[in-house]
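Okay, so here's the structure we're looking at.
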Amino acid sequence: MQATAVASRSRFAYAVHPLKIVALGDSIIYGFGDPVGGGWVERIRRSWMAPNSLGHAVYNLGIRGDGVKQVAKRLESEFRHRGELRNRVPDLMILSVGVNDSARVARPDGRNFTEFEIFQEQMEALLDQA
């Protein structure tokens with residue numbers, strides 16, 4: 001299952017107020033594998049915090065090893081406990097999950113860590129929750 005949306009770069013580049021962007025998910029969001037730059041979310045955060053910027057806030061809420069089930073459990077908690085997000089809906093939320101659910105590591109039968117039907121149900125629930 002894949003959900004995509006076309007984003008307009010100009011919409012964010014010319015915003016008149018500071019944007020709040022939340023990136024929530026697994027190690028891809030976290031930045032694992034990019035020891036120099038900290039991953040793509042961190043690179044965006046740094047570029048948007050340049051001098052004379054509007055002060056956009058990018059929240060990197062990625063955790064290595066998380067699957068869709070763990071991300072869904074964290075979603076509500078992250079918004080409840082982060083005061084700066086609690087009272088305002090973010091301008092953009094990016095969800096990235098599925099890499100760990102599809103892992104076959106230590107699975108002698110060669111099946112995914114999470115069965116596809118279960119993953120699909122959990123992903124639909126996560127998207128409804130988001």
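Bear in mind these aren't lab numbers, they're just calculated from the coordinates by the rules spelled out. Just so we're clear, the structure is a prediction, and the values are computed from it rather than from any experiment. Methodologically, a virtual Cβ is constructed for each residue, glycine included, from the backbone with ideal geometry; neighbour enumeration extends over all protein chains shown.
Return the FRET efficiency for the residue pair V16, D128: r is the Cβ-Cβ distance, R0 is 22 Å, and the value is rounded to the nearest 0.05.
That gives a FRET efficiency of 0.10.
Which GluC sites (Glu not before Pro) in segment 36-130 pass both tests, a DSSP loop state and at most 11 other beta-carbon atoms within 10 Å?
Those that pass, being in a loop and sparsely packed, are E115.
Hey, can you rank 50-58, 62-70 by average C-beta count inside 10 Å, highest first?
Averaged packing, sorted descending, gives the order 62-70, 50-58.
With a cut-off of 8 Å between alpha carbons and a minimum separation of six or more residues, what is the relative contact order of segment 16-119 in percent?
33
For D66, what charge total do you get from the other residues with a beta carbon under 15 Å from its beta carbon, if Lys and Arg give +1 and Asp and Glu give -1?
Counting the neighbours of D66, the net charge comes to 0.
For the chain, take every pair of Cα atoms, bin their distances at 10 Å starting from 0, and report each bin as a whole percent.
So the P(r) values, bin by bin, are 11, 37, 35, 13, 3, 0.
What's the exposure ranking of S102, S96, going from fewest to most Cβ atoms within 10 Å?
Ordered by Cβ neighbours within 10 Å, fewest first: S102, S96.
Output the 0 to 90 degree angle, nearest 10, between the alpha-carbon long axis of helix 116-129 and the longest principal axis computed from the alpha carbons of the chain.
Here the helix axis deviates by roughly 30 degrees.
Taking a label point 7 Å from the Cα of R111 along the Cα→Cβ vector, which residues of segment 68-85 have an amide N closer than 20 Å to it?
Answer for this model: 68-70.
What is the extension gain from A103 to I118, computed as 0.36 nm multiplied by their sequence separation minus the C-alpha to C-alpha distance, in nm to one decimal?
4.0 nm
Quick one: helix 68-81 against the long Cα principal axis of the chain, what's the angle to the nearest 10°, folded into 0 to 90?
Approximately 30 degrees, to the nearest 10.
Can you show me the helix-derived [θ] at 222 nm for the chain, built from DSSP H runs with n ≥ 4 at -39,500 (n - 2.57) apiece and divided by the number of residues, rounded to the nearest 500.
Result for the chain, helices only: -10500 deg cm²/dmol.
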